[in-house]
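Novice: Pasting in a structure now, in structure tokens, and then I'll have a few things to ask.
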Amino acid sequence: MTIKKYVSENKKEVTLSIEERFDFSLHQSFRNSYVNCEQQNTVFNIDLSNTSYMDSSALGMILLLKDHADKLQGNVVILKPSDSVNKILEIAQFHRLMTIEN
Amino acid sequence: MVEELDKRSHKLALVVDDSVMQCKVLSVLLEEEGYRVYTANDGIRGVDMYIKYQPDLVLMDINMPRMDGYEATRQIKSLSKGNLAPLIFITSIDTELAYIESIEAGGDGILVRPFSPEVFKAKIKSIQRISDLYAQVKMLQQSQQKDAELAEQLMSGVIEARNFGLDRIGIVKKAATLFSGDIQLTAQSPNGDVNVLLGDFTGHGLRSSIGAIPLSETFRVMTKKGFSLFEIITQINTQLFHLLPSDLFLAATFVHVSSQDKTVYIFNAGLPDCYIFSANGQIKQRIRSTHPPMGVLEYLLAESKLEIYSVQPKDHVVLVSDGIIEARNKKGEMYGEKRFEQAALKGVKKANLAEVIIEDVNEFSQNIPQEDDMSLIDIPCCDWQGQVYNNYQSRSDTLSALDVLSQTGPAWEWHLKLTGEKLAKINPIPMAMNQLQNIEGSGEHWQSLYTILTELYVNALDHGVLNLDSSIKDCAEGFADYFRKREERLELLLEGFVELSFYYYYSHSTNGHISIKIKDSGKGFSYADYVNPPLSKQAPILSGRGINLVLQLCDSLEYSDKGTTVEAKYAWA
């Protein structure tokens, strides 16, 4: 359970990639990974291609990130969720709130 | 908390060493550090003293008569589970093996002689720091546990205990060890229909149940006042949005069962599919989530609407939280929808769906600890209104008394005229019911009045103002078609009106009566067939089940102005 972070050279794009389980235990480290990004218009990508499980607190964390991105007039994009993770996003109807790229 | 620990004046230390001399030396050093010290000269005595005094620190020799230090340590550590009293080996055996064995026996550190008093004191301080930290974590854990217990008690004792119809609605609730905030609410609307909510708050413990109290109040009060389910959902969403932090929300499915209309209305916002099962366990409908959970968005999505389904009296609506679908077994497989559906088929046949499902999930997951709350609600689709109307008896003899009363004039009147756009946005029925209750207090007869008012108002709006033909509703798809057309026309509505009037008459001999008059701007209709249907046309032509119901409930019903005005009189003895 780790979060990897890549910041593009112009710092306009931050990619957080989550391995294995995305749940409450990542709360603090997920938050730490973006709170210091204060660049306007930043796009936050959440790469879920290596995430095997996600719970509702993970959905909550994504909403907090969205709040942060909104403040910077930025955006949140969810990348490549696996089938089981996608199902959870679908039940929560997250495609109505942000972009999900399969 | 740290201060509190520091203040505890004399900590206890236990020194276990067969050399009286060593005991003396260590005692002096410990006393200089503020400890009170007990000593024991062999392992057995050491264990006894440990049990007796529950010291905060143990110093242990290795070679001792009767029982050596390793064995004494194993026993002490097994006694002190969940309560870290650090144990340090003090020895002159300077070998790797001694070090490894000491740690394996449960020791928290080892100090090899000879050492200076300063080194000894430093060691004690460092180990004490760790144990203080441990005690803090322990305390936090306990307070968290208390919060979780409080939250659980709130949910089940205070909130859910007030649920309606529990003798007929099957509810399963099995909390995970880590309480996670599933909530089940049921309430009856004034006309006997039931509203049901299955919800799952994000997160754990008290944090997840903050929203439960306002949620249950809103749900219950609005249902009782006769607000439509959609209005309740809208209100709950707004309320939770303003109340909860961004990462806290409520995934929920809402159901309204109207057994009179043989219809259910469902809104799934963030829970797994819910189901309508037929009497033989077949899945008639699977209703997917179509909306983000409550409290995520400030306003419901523009296209949000209740899904409407026709049901048979023996159908069941079944709601499940993700805890059941996502339950895992030893191999890490999920219980999943397929197993759920198969078990449900069995459950319906045995007429005990809730229990069969839970047994099946338990068998599947065996002794794997639950990750999430599991809950399920099984709602039968029939006979909800029965209890409300059974005690009503027709009282034609009161009619003549009504006419006499009417001549003396009403004790009070209340009028409301809604026009154009307001008709599309406002539901006047809760307002009217509120007025009635404010003036006359509450009582059981309001349930009948609510039904009369609702049916007549809906007729005036739908058939009068919106000019909808109720024969569209005759087939199952027709129902949905009807509601779609209704929404379309409401959206475009700019003119037209509905006027509601109440006249309340008091009487000395009876409790009085009320006259409800509703006028609409429509073209009217040939009402003679409805009020006194010719024999040949009885029953089937009455797609207006509503009027039929009103006829049974009130003492008189009269249409006038070509059918654009209707007046219902209702009296209670």
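The values are calculated or read from the model by the stated rules, or taken from the named source; none is laboratory data. Bear in mind that the values here come from a model prediction, so they are computed numbers and not experimental data. Cβ sites come from the backbone with ideal geometry, for glycine too, and all protein chains shown count toward neighbours. Surface areas here come from the heavy atoms of the whole protein model, side chains and all, with no ligands, DNA or RNA. Shrake-Rupley method; radii C 1.70, N 1.55, O 1.52, S 1.80 Å.
Novice: Working carefully through the options B:187, B:212, find the one that is open to solvent by less than 10 Å² (accessible area, probe 1.4 Å), under 22 Å from residue B:377 (Cβ atoms) and free of Cβ contacts under 8 Å to residues at least 40 places away in the same chain. Please lay out each step first, then the result.
Specialist: On the way: B:212 fails: free of Cβ contacts under 8 Å to residues at least 40 places away in the same chain.
Answer to the selection: B:187.
Novice: May I ask you to verify whether residue B:140 is of a type in the set (A, V, I, L, M, F, W, C) and within 14 Å of chain A (Cβ to nearest Cβ)?
Specialist: No; evaluated as a whole, the condition is false for this residue.
Novice: Taking only pairs six or more apart or across chains, which ones have beta-carbon atoms under 6 Å, a first residue in region B:104-115 that is more than 14 Å from residue B:76 (Cβ to Cβ), and a second residue that is loosely packed, with under 13 Cβ neighbours inside 10 Å?
Specialist: Every condition considered, the pairs that remain are B:112/B:94; B:113/B:92.
Novice: How many residues, within region B:316-340, are touching a Phe, Trp or Tyr at 6+ places or on another chain (Cβ under 9 Å), of a type outside the set (Ser, Thr, Tyr) and more than 17 Å from residue B:289 (Cβ to Cβ)?
Specialist: Going through region B:316-340 one residue at a time, the tally reaches 6.
For (1) part of a helix (DSSP H, G or I); (2) open to solvent by 80 Å² or more (accessible area, probe 1.4 Å); (3) touching a Leu at 6+ places or on another chain (Cβ under 9 Å), each residue gets a yes or a no:
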| position | (1), (2), (3) |
| --- | --- |
| B:21 | yes, yes, no |
| B:28 | yes, no, no |
| B:31 | yes, yes, no |
| B:39 | no, no, yes |
| B:52 | yes, yes, no |
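Novice: Continuing with this model, one more query. Among the residues of region A:86-100, which ones are within 10 Å of another protein chain (Cβ to nearest Cβ) and not basic (Lys, Arg)?
Specialist: Selection gives A:88, A:90, A:91, A:92, A:93, A:94, A:95, A:97.
Novice: Could you tell me whether residue B:144 is more than 18 Å from the chain's Cα centre (by Cα) and either open to solvent by 20 Å² or more (accessible area, probe 1.4 Å) or among the aromatic types (Phe, Trp, Tyr) (or both)?
Specialist: On the way: more than 18 Å from the chain's Cα centre (by Cα): yes; either open to solvent by 20 Å² or more (accessible area, probe 1.4 Å) or among the aromatic types (Phe, Trp, Tyr) (or both): yes.
Yes.
Novice: Tell me yes or no: at least one residue of region A:74-85 is without any contact (Cβ under 8 Å) to a residue 24 or more places away in the chain and within 14 Å of chain B (Cβ to nearest Cβ).
Specialist: Yes - at least one qualifying residue is present in region A:74-85.
Novice: Here are B:83, B:63: which of them is open to solvent by 70 Å² or more (accessible area, probe 1.4 Å), closer than 16 Å to residue B:131 by Cα and assigned to a loop (DSSP other than H, G, I, E, B)? So that I can check it myself, show each step before the final result.
Specialist: On the way: B:63 fails: closer than 16 Å to residue B:131 by Cα.
Answer to the selection: B:83.
Novice: Just need a number here: residues in region B:286-308 that are of a type in the set (S, T, N, Q) and farther than 30 Å from residue A:60 by Cβ.
Specialist: Final tally of qualifying residues: 0.
Novice: Return the residues of region B:291-307 that are farther than 24 Å from residue A:64 by Cβ and either surrounded by 19 or more Cβ atoms within 10 Å (Cβ to Cβ) or among the hydrophobic types (A, V, I, L, M, F, W, C) (or both); say none if nothing qualifies.
Specialist: B:302, B:306, listed by residue number.
Novice: Looking at B:130, B:88, can you tell me which residue is of a type in the set (A, V, I, L, M) and open to solvent by less than 80 Å² (accessible area, probe 1.4 Å)?
Specialist: B:88
Novice: Within region B:239-283, can you find the residues that are surrounded by 22 or more Cβ atoms within 10 Å (Cβ to Cβ), facing chain A (nearest Cβ under 10 Å) and of a type in the set (S, T, N, Q)?
Specialist: B:268, the sole residue that qualifies.
Novice: Can you name every residue in region B:427-449 that is within 31 Å of the chain's Cα centre (by Cα) and open to solvent by 20 Å² or more (accessible area, probe 1.4 Å)?
Specialist: B:427, B:431, B:434, B:435, B:437, B:438, B:441, B:442, B:443, B:444, B:445, B:447
Novice: Only one residue in B:109, B:69, B:165 is farther than 24 Å from residue B:41 by Cα and open to solvent by less than 20 Å² (accessible area, probe 1.4 Å), so which one is that?
Specialist: Just a single option satisfies the conditions, and that option is B:165.
Novice: Could I ask something else about it? Among the listed residues A:52, A:33, which satisfies the condition of being of a type in the set (Gly, Ala, Ser) and within 14 Å of another protein chain (Cβ to nearest Cβ)?
Specialist: Checking each option against the conditions leaves just A:52.
Novice: On the basis of being out of contact with any Leu (no Cβ under 8 Å at 6 or more places or on another chain), within 14 Å of chain A (Cβ to nearest Cβ) and aromatic (Phe, Trp, Tyr), does residue B:309 make the cut?
Specialist: no
Novice: Can I ask one more? Take the conditions facing another protein chain (nearest Cβ under 10 Å) and on the phi > 0 side of the Ramachandran plot and apply them to residue B:336. Does it pass?
Specialist: no
Novice: Taking helices (runs of 4 or more DSSP H) that do not extend beyond region B:409-463, which have at least 1 residues that are touching a residue at least 12 places away in the same chain (Cβ under 8 Å) and farther than 25 Å from residue B:490 by Cα?
Specialist: In region B:409-463, the matching helices (runs of 4 or more DSSP H) lie at B:428-440, B:446-459.
Novice: Out of all the residues in region B:375-383, is one or more modelled with pLDDT of 80 or more, within 30 Å of residue B:486 (Cα to Cα) and open to solvent by 40 Å² or more (accessible area, probe 1.4 Å)?
Specialist: No: zero hits.
Novice: Oh, and also: Picking from B:223, B:218, which residue would you name as being closer than 22 Å to residue B:384 by Cβ and in contact (Cβ under 8 Å) with a residue 24 or more places away in the chain?
Specialist: So the residue among B:223, B:218 that is closer than 22 Å to residue B:384 by Cβ and in contact (Cβ under 8 Å) with a residue 24 or more places away in the chain is B:223.
Novice: Checking residue B:46 against (1) open to solvent by 20 Å² or more (accessible area, probe 1.4 Å); (2) under 22 Å from residue B:25 (Cα atoms), which single condition isn't satisfied?
Specialist: Looking at each condition in turn, residue B:46 falls short on (1).
Novice: Considering (1) within 14 Å of chain A (Cβ to nearest Cβ); (2) closer than 21 Å to residue B:201 by Cβ, say which one residue B:286 fails and leave the rest.
Specialist: (2)
Novice: Closer than 25 Å to residue B:326 by Cα and within 12 Å of the chain's Cα centre (by Cα), is that true of residue A:2?
Specialist: Against the criterion (closer than 25 Å to residue B:326 by Cα and within 12 Å of the chain's Cα centre (by Cα)), residue A:2 does not qualify.
Novice: With the requirement that a residue be part of a strand (DSSP E or B) and either at pLDDT below 80 or aliphatic (A, V, I, L, M) (or both), what does region B:166-202 give you?
Specialist: B:171, B:172, B:173, B:174, B:183, B:185, B:187, B:194, B:196, B:197, B:198
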